[in-house]
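Scroll down for the structure; my scribbles are underneath it.
The values are calculated or read from the model by the stated rules, or taken from the named source; none is laboratory data. As the structure is a computational prediction, the values presented were derived from the model and not from experiment. All Cβ positions, even for glycine, are placed from backbone atoms using ideal geometry, and neighbour counts span all protein chains on display. Side chains are part of the model used for accessible areas, which takes the heavy atoms of the whole protein and leaves out ligands, DNA and RNA. Shrake-Rupley method; radii C 1.70, N 1.55, O 1.52, S 1.80 Å.
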Amino acid sequence: MNETYAFIEAMKTTHGVAFLCRLLKVARSSFSAWLASAKTRAARQTADEALTHEITVIHVASRQI
């Protein structure tokens, strides 16, 4: 579903959001909620990347055991 919302975001400059949502059978409120949660998703991704790095460092330091 994220791909659908990202497509609407990319195309909203050339087509109306209401038209795109109707065409793709997506509720406009769902698209709006997706837009509103962008900062939260970005923060979560940053935290996940930091945790992945920390796990990798610990794994290498323990001689990959």
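Restricting the search to segment 36-51, which residues are assigned to a helix (DSSP H, G or I) and not charged (D, E, K, R)? Quick ask: steps written out before the conclusion?
We begin by selecting, within segment 36-51, every residue assigned to a helix (DSSP H, G or I); these are 36, 38-51.
Listed by number, the residues that qualify are Ala36, Ala38, Thr40, Ala42, Ala43, Gln45, Thr46, Ala47, Ala50, Leu51.
Please find, among Glu54, Glu9, Glu3, the residue that is open to solvent by 60 Å² or more (accessible area, probe 1.4 Å), touching a residue at least 24 places away in the same chain (Cβ under 8 Å) and part of a helix (DSSP H, G or I).
Numbers: Glu54 fails: touching a residue at least 24 places away in the same chain (Cβ under 8 Å); Glu3 fails: touching a residue at least 24 places away in the same chain (Cβ under 8 Å).
Result: Glu9 is the single residue among Glu54, Glu9, Glu3 that is open to solvent by 60 Å² or more (accessible area, probe 1.4 Å), touching a residue at least 24 places away in the same chain (Cβ under 8 Å) and part of a helix (DSSP H, G or I).
Working only within segment 20-35, note down all residues that are open to solvent by 90 Å² or more (accessible area, probe 1.4 Å) and either touching a Gly at 6+ places or on another chain (Cβ under 6 Å) or not in a loop (DSSP other than H, G, I, E, B) (or both).
Looking only at segment 20-35, we keep the residues that are open to solvent by 90 Å² or more (accessible area, probe 1.4 Å), and these are 22-23, 25, 28.
Passing the criteria: Arg22, Leu23, Arg28.
Residue-by-condition table, conditions (1) under 17 Å from the mean Cα position of the chain (by Cα); (2) polar (S, T, N, Q); (3) open to solvent by less than 100 Å² (accessible area, probe 1.4 Å):
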residue: His15; (1), (2), (3): no, no, yes
residue: Ser37; (1), (2), (3): yes, yes, yes
residue: Arg44; (1), (2), (3): yes, no, no
residue: Ile58; (1), (2), (3): no, no, no
